[in-house]
Amino acid sequence: METVAAAFILALGAWTAQFNEDAQVLTLTHAESAIELSGELSFVVGDQAWRVCLPRDGVNTRLALVDVNNETQGYLTFNTQGDRLDALVYHRTRQFYNGTLTYRGQVSFREESFPCRTYPQAGERVLPLVSGKADSSSFDSLFAREEDLALRFTAANFLIANTQTPGKYQFEASGRIEEASEASFAVELDKNYFQKRWVPHYSPIDRERCPTAPTGWLSWNTYFDTATAEDNLAEARIGKEFLQPFGCEIWNIESWQGNSDRLPVSGFYNLGLEVNEKQFPKGMKQLADDIRALGFKPGLWTAPFGTGSKEFYEAHKDWFLHDENGVPMRTWNGVYTIDPSNDEVIDWICHIHDVFSHEWGYEFFKIDGMSGSGSGYCAHFFERSEVRAAFKDPTVVAPFERCVKAFREGIGEDRIFLACQGHFTGPEAMYADAARTGADIVHPNQPVKWANLVQQAGRTLNQVFVNNIVFFSDPDNLLVNEALTIEEARVTTTVVALPGQLTFFGDKLGELPPERMRLLQQTLPVCDVHPGALYPYFSYLPVWDLRIGRDFGTWDVVALFNWTEEDATIGADLAELGLPPGQYCAYEFWTNQYLGEIDARVEMAVPAHAVRLLAVHRVQDRPQFLSSDRHVSQGGVDLKDLSWNEDAKRLEAKVTLVAKNKTTLRFRVPEGFQFSKAESNADVDAALEADGKVLAVGVQAEESGDYDVVATF
């Protein structure tokens, strides 16, 4: 350690502390990672501002707290353990003063990082989600996806906020020293945050291959195993008209293999190239071409860990696992299950996926049978001792990873890979772009039920903390058909869409009433959302809060879920939402209700099996944006710019429209303002609602694109 008279410089392992007494500025530097915190220290006792000073007693490892009489009354010391630095304030002796230490300044971290929470809090009721640059009083950390790097802060009171410069943040940490306590502040650079805890094969999403959460349709949830090529194409023609303009990209084909028109999957001819000619008479390449001609990317479901084909088995007996009596081992994937230690097997599963991708032309792969709740799925099955004993090479260290790697090599680096059922604890995190984290949304040949939706929400809550970081989470299909009430359909729509998850549909599109089709459209495109808390939840949180930050403004979209069988009032205090005290206003999306102004708590009566979705804004003293009916994010994907022209008394917005589809924007009209006119380079109409407190402006255009909307008051 080194100290000099003019300044305090203390080398503390990975960290260096430097203090400038004249400016009262403390700078903490982590040289290895080029991270720096620099800001002003202050210590206040009652209404007196004390000073932090250089050492006065020859103990050069601490700073002095000096009162207004120039007497040293306490100390600020520093200690490190690895990449953690602790700063501690304590009394010089048994003193009887109380005071607050505050460290306020700027931290330089990584350009692509974001604020979040990494320390769980007792009694949490709110799932925090973030889109864009948005702040919350509940955040305690910064996280950089590309490096799996977390900068974590500990203080009695802590705030961190984005600045205009990427990677630069304003922070304020404070703590109170009492007669019987000390004040402390800590900063820790947590390397390999996810890898050390949950994701041993951590690898961030390949943004070149898969820049956004995939969207699409697949047949299984309503056709089950009976969909033909023409069924798929008929649905795709409807999807081209009603979903593609909104952002639906992929058409995925299920149950195409020979003998795949009836369950169980273990009977399917999964490992061959045989096609069910009755359902797909023109073959799979032609179907991929036909799907592409409709403007969609063709996708394909495979279950390549086994087969039901006795002929294939007889031709390759040594490729399959047998018990000690020579009986073939059976799993969900096949009557005959592959031996993943056999190099010929690995070469074969790589080969068939190469054919699917590069000869047949499929661009998206949903590869099934990986993990699940039981040992019938191969990630679990291959770990069993009696199964490993049956391997050709029992010394193989990671048999399941050999398979997953072969899938990626087969389909190629430019194809999207959905691991079903994938998990962040396994190698899928390294090779897949997305993973089925949800359970089946229906049981075979049954309609969707409320219990399925509850399970979908529970799986989302438990695993969404890796979404848009390790891979895109797939909560299973969004079904909104009339087996559900409209309230239940809104619940599953919110569960799938609000966290920005992979979004696939599975209803018979031609049978959906317009209001149900509208639900699907209101999820597209997927809003770019990342988790605000980087750890799992194990209970049904009643409130989900999406904080949206754009250059032109910040607002919250707060989902209030009633998971029970009885009507209930659901809500959260502003502090639970990470919002500072003040006046707010709220608009409810599903029922088009203006809730007016609120100052302490966001809440609403919610029927059983229902959700209410509130856009919450800080009240301004002039007209302001409230909501858009285009998307569940209420402006998160369609509102591109917004400004207030004080001189002209005009709200000026830019909004993305889908051709021939009307979007309604809603604006708050405070007292003292009177609406005059609405203008746009699209077709526009306007009406006052909620006793004149809300202005609804509808805009529609013949072509998709960005349009200007101006409301004058």
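The values are calculated or read from the model by the stated rules, or taken from the named source; none is laboratory data. Because the structure is predicted, anything quoted here is derived from the model rather than measured. Because the Cβ atoms are built from the backbone with ideal geometry, glycine has one as well, and the counts that use them run over all protein chains shown. SASA here: full protein model, heavy atoms, side chains in, ligands and nucleic acids out. Shrake-Rupley method; radii C 1.70, N 1.55, O 1.52, S 1.80 Å.
The residues of the range 409-451 that are in a helix (DSSP H, G or I) and open to solvent by 10 Å² or more (accessible area, probe 1.4 Å), listed by number, are E409, M430, Y431, W450, A451.
Scanning the range 612-623 for residues that are part of a loop (DSSP other than H, G, I, E, B) and open to solvent by 20 Å² or more (accessible area, probe 1.4 Å) yields a count of 4. When you check E363 against the structure, is it open to solvent by 40 Å² or more (accessible area, probe 1.4 Å) and more than 24 Å from P328 (Cα to Cα), yes or no? In short, yes. Can you find even one residue in the range 624-636 that is open to solvent by 20 Å² or more (accessible area, probe 1.4 Å), among the hydrophobic types (A, V, I, L, M, F, W, C) and farther than 30 Å from Y540 by Cα? No, every residue in the range 624-636 fails to be open to solvent by 20 Å² or more (accessible area, probe 1.4 Å), among the hydrophobic types (A, V, I, L, M, F, W, C) and farther than 30 Å from Y540 by Cα. Applying the criterion of being in a loop (DSSP other than H, G, I, E, B) and of a type outside the set (D, E) to the residues of the range 134-163, the residue that is most open to solvent (accessible area, probe 1.4 Å) is A156. Please go through the range 85-132 and give me each residue that is of a type in the set (K, R), open to solvent by 20 Å² or more (accessible area, probe 1.4 Å) and touching a residue at least 12 places away in the same chain (Cβ under 8 Å), ordered by number. R92, R104, R110, R125, listed by residue number. Taking the range 379-408 as the range and being among the basic types (K, R), part of a loop (DSSP other than H, G, I, E, B) and in contact (Cβ under 8 Å) with a residue 24 or more places away in the chain as the test, only K392 passes. Quick check on the range 454-464. Is at least one of its residues among the small types (G, A, S) and not in a helix (DSSP H, G or I)? No: the range 454-464 contains no residue that is among the small types (G, A, S) and not in a helix (DSSP H, G or I). Could you please find all residues in the range 105-132 being within 25 Å of D641 (Cα to Cα) and charged (D, E, K, R)? Result: E111, E112. Filtering T226, T215 for residues that are touching a Cys at 6+ places or on another chain (Cβ under 7 Å) and either closer than 30 Å to C350 by Cβ or modelled with pLDDT of 95 or more (or both) leaves a single hit, T215. Count of the range 164-180 residues, restricted to those that are open to solvent by 40 Å² or more (accessible area, probe 1.4 Å) and farther than 24 Å from N468 by Cβ, is 6.
Is it fair to say T554 is within 18 Å of R668 (Cα to Cα), at pLDDT 95 or above and within 23 Å of the chain's Cα centre (by Cα)? Against the criterion (within 18 Å of R668 (Cα to Cα), at pLDDT 95 or above and within 23 Å of the chain's Cα centre (by Cα)), T554 qualifies. Among residues of the range 582-604 being in contact with a Leu (Cβ under 7 Å, 6 or more places away or on another chain), modelled with pLDDT of 95 or more and assigned to a loop (DSSP other than H, G, I, E, B), the one that is farthest from T554 (Cα to Cα) is W590.
To keep it simple, each residue is scored yes or no on (1) touching a Gly at 6+ places or on another chain (Cβ under 9 Å); (2) assigned to a helix (DSSP H, G or I); (3) on the phi > 0 side of the Ramachandran plot; (4) not aliphatic (A, V, I, L, M).
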position	(1), (2), (3), (4)
R209	no, no, no, yes
T222	yes, yes, no, yes
A227	no, no, no, no
E230	no, yes, no, yes
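Among the residues of the range 210-222, write down those that are closer than 30 Å to K282 by Cβ and either of a type in the set (V, I, T) or open to solvent by 40 Å² or more (accessible area, probe 1.4 Å) (or both). Result: T215, T222. For V632, the conditions (1) closer than 22 Å to Q522 by Cα; (2) in contact with a strand residue (DSSP E or B) (Cβ under 6 Å, 6 or more places away or on another chain) all hold with the exception of (2). Look at the range 530-559: where a residue is among the basic types (K, R) and a partner is open to solvent by less than 10 Å² (accessible area, probe 1.4 Å) and part of a strand (DSSP E or B), sitting 6+ places away or on another chain with Cβ atoms under 6 Å, you get R547/V130; R547/D556. Of A389, A379, which residue is open to solvent by 50 Å² or more (accessible area, probe 1.4 Å), farther than 19 Å from N252 by Cα and among the small types (G, A, S)? The match here is A389.
Taken over the range 109-134, the criterion of being more than 22 Å from P204 (Cα to Cα) and more than 16 Å from the chain's Cα centre (by Cα) is satisfied by P120, Q121, A122, G123, E124, R125. None of F471, F465 is of a type in the set (F, W, Y) and touching a Gly at 6+ places or on another chain (Cβ under 8 Å) except F471.
Considering the range 232-284, the residues that are among the basic types (K, R) and in a loop (DSSP other than H, G, I, E, B) include one that is surrounded by the fewest Cβ atoms within 10 Å (Cβ to Cβ), namely K278. Per the conditions (1) more than 40 Å from the chain's Cα centre (by Cα); (2) surrounded by fewer than 16 Cβ atoms within 10 Å (Cβ to Cβ), the sole criterion not satisfied by G13 is (1). Within the option set C248, C210, being in contact with a helix residue (DSSP H, G or I) (Cβ under 8 Å, 6 or more places away or on another chain) and at pLDDT 95 or above holds for one residue only, C248.
When the criteria are applied in full, A659 meets the requirement of being outside any strand (DSSP E or B) and under 21 Å from L243 (Cα atoms).
For the range 477-510, a residue qualifies if it is open to solvent by 10 Å² or more (accessible area, probe 1.4 Å) and either within 22 Å of V543 (Cα to Cα) or part of a strand (DSSP E or B) (or both), and the qualifying residues are T485, I486, E487, E488, R490. Could you check the range 638-679 and list, in sequence order, the residues that are closer than 15 Å to F552 by Cα, touching a Lys or Arg at 6+ places or on another chain (Cβ under 7 Å) and open to solvent by less than 20 Å² (accessible area, probe 1.4 Å)? D638, V655, listed by residue number.
With the structure loaded, tell me whether E344 is open to solvent by 10 Å² or more (accessible area, probe 1.4 Å) and touching a strand residue (DSSP E or B) at 6+ places or on another chain (Cβ under 6 Å) or whether it fails that test. No; evaluated as a whole, the condition is false for this residue.
Enumerate the pairs (first residue in the range 217-242 and without any contact (Cβ under 8 Å) to a residue 60 or more places away in the chain and under 16 Å from Q521 (Cα atoms); second residue anywhere and open to solvent by 10 Å² or more (accessible area, probe 1.4 Å) and not polar (S, T, N, Q)) with beta-carbon separation below 8 Å, excluding pairs fewer than 6 apart on the same chain, so at least 6 apart or on different chains. Close Cβ pairs (under 8 Å, with a partner that is open to solvent by 10 Å² or more (accessible area, probe 1.4 Å) and not polar (S, T, N, Q)) amount to R237/L294; K240/L294; K240/G295. Taking the range 511-539 as the search range and keeping residues that are among the hydroxyl-bearing types (S, T, Y), open to solvent by 10 Å² or more (accessible area, probe 1.4 Å) and in contact with a helix residue (DSSP H, G or I) (Cβ under 6 Å, 6 or more places away or on another chain), which one is farthest from A144 (Cα to Cα)? Per the stated criteria, the residue is Y537.
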